[in-house]
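Accompanying notes for the structure given below.
What follows is calculated from the coordinates using simple rules that are stated; it is not laboratory data. Given the structure is predicted, the values throughout are model-derived calculations rather than measurements. Virtual Cβ from ideal backbone geometry, glycine too; neighbours counted across all protein chains shown.
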Amino acid sequence: MARMRFLCDAERCIDCNACAVACKNENEVPWGINRRRVVTLNEGVPGEKSISVACMHCTDAPCIAVCPVSCIYQTPEGVVLHNKDVCIGCGYCFYACPFGAPQFPQTSAFGVRGKMDKCTFCAGGPEKDMSEAEFKKYGRNRLAEGKLPLCAEMCSTKALLAGDGDVLADIMRTRAAARGGSMELNGWATAYGAAGTKESR
Amino acid sequence: MTASARWLFLLLALFCASAWAEPNAEAAREQSQPGNNQPFWLDAQAGRVGITNAQNIDAGVLINTGGELWRRLHEGPFPFWGAIWLAGVPAAILAFWLVFGPIRLHGAESGRMVRRFAAWERALHWTVAICFILLALTGFTLFFGKYYVEALLTYPVYSWVAKVAVSLHNFTAPVFTVAMVSLFLAFVKRNLWRAYDWQWLRRFGGFLGGGEPPSGFFNAGEKIWFWLAVADIVHLSGALLFVGMAFGHIYIGTLGMRGAYRAMREGVVDETWAKEHHSSWYQDLKAGRVGEASDAPLIPSARPVVWRQTD
């Protein structure tokens, strides 16, 4: 079975933020939540590079490990999803995540956190696939429709890729060979374990 | 400040800023090896803060591994040693009680009462106590829940319990904090260390007979993470320690020492009790160096609690 992953090519990302906009529109993300964001280092000076980042759907996901009510789970395709009905808004996943993916709308009085919200790899949640309830809580279930996440589909420079990890690695290998540079799978070590280890499968 | 001085200041600031703007590693690499952005990725992995449109906490950081240590502590030694501690202390107290029994008075009760705690002091104590027990129970549910409670209650039911627990925990905490600070202020003077306290401790209370943007080593993102994680670990260590010690406090205040519970319920202790358990205070009291606690009721019209001796 395919292992779903994200990959962003720093040589190609132009900081247009179309991925972030596509995500917000497709999933009707609540105000104040950014499931995907673009971060630029060395902004305005030589060496400027941008990367689009969201939940990386880690293999040994820290959020799953720390959730006190076990509301976060991983599908057989490696997509990390969560159950908003069970979430208690404690914020542990936010402490543990290296990519800043889990976010909390402040809906209640006294600044109490609401239900956690994060990127679903456009794969919805535990509700019935493509149901109204699923869309309201988690957004579109594009995987169930046979489509890939819209952020990557929308990317005009194909910097952001989503899909089977083996296919993505092949694409990146081809690009790197054409550039004569090195493989740029650096973000993967944090999310999926170092190459060659059991976690990296 | 005059206008010219302001301009001078601005020029100085600009000069300093230009001196900092050295070429970064990524820019240098683009010259020597175009297409190899290893320096950029090293920056990303080191948690350097960048520019982003997202307004969320720490959104400018691409990869922040600061939570990893927190995760390892939170999911490893804390639930393990915490459970041993919380089960071990009551077990040790039970063993102690079975072997030695409660502490009784050596002399006969005098029948004369001295007032040890005023009504407001007792009210404060029980406010702290009730909040503490609520916090401990809800905290236990949240921290140990997925190991013990969830298996007992099954998955969706436990989530509802946890939701109630998290709300109770959050709303009890401010009341507890205020009550605890008040209790501290009320008792701090009487808790200043005296020479005889060392002696008490030595004899175990008588039980034994004896780059750019400029950042330092850690950047802002790492620091925020660090303090969040530290705050949680301090909170957790403090809570585990506090709950364990509370078992001892509750034991000695109820089963462990005859006459102790009465001090906090009615506010009075027998003179013999005071003489045996707080001899220095008793001497101060007799010599008139300190006064007895006020016997004014908290609510002026309330009738005093009638205590029935059972043992």
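Our note on the geometry: Cα centres of region B:51-91 and region B:261-293, 46 Å apart. Our summary gives chain A a relative contact order of 26 percent, counting only alpha carbon pairs under 8 angstrom and 6 or more residues apart.
Rounded to whole numbers, the Karplus 3J(HN,Hα) couplings from phi for region B:156-171 are x, 5, 4, 4, 5, 4, 5, 5, 4, 4, 5, 5, 4, 4, 5, 8 Hz, using 6.51 cos²θ - 1.76 cosθ + 1.60 with θ = phi - 60°, and x at Gly and Pro.
Within 14 Å, Cβ to Cβ, of A:Arg113, how many net charges do the neighbouring residues add up to if Lys/Arg are +1 and Asp/Glu are -1? Once positives and negatives cancel, what remains is +3. Residue-wise HN-Hα couplings along region B:176-186, as the Karplus relation 6.51 cos²θ - 1.76 cosθ + 1.60 with θ = phi - 60° gives them from phi, are 4, 4, 4, 5, 5, 5, 4, 4, 4, 4, 5 Hz; Gly and Pro carry x. Considering every alpha-carbon pair of chain A, the percent of pairs per 5 Å bin, from zero through the bin containing the longest distance, is 1, 7, 15, 20, 21, 17, 10, 6, 2, 1, 0, 0.
Taking 0.36 nm per intervening residue step and subtracting the Cα-Cα distance, what contour gain separates B:Ala151 from B:Leu98 on full extension?
Gain on extension, B:Ala151 to B:Leu98, equals 15.8 nm.
All other residues whose Cβ lies under 15 angstrom from that of B:Phe117 are scored, Lys and Arg at +1 and Asp and Glu at -1, for a net of +2.
Each part reduced to its alpha carbon centroid, region A:29-47 and region B:130-188 end up 37 Å apart.
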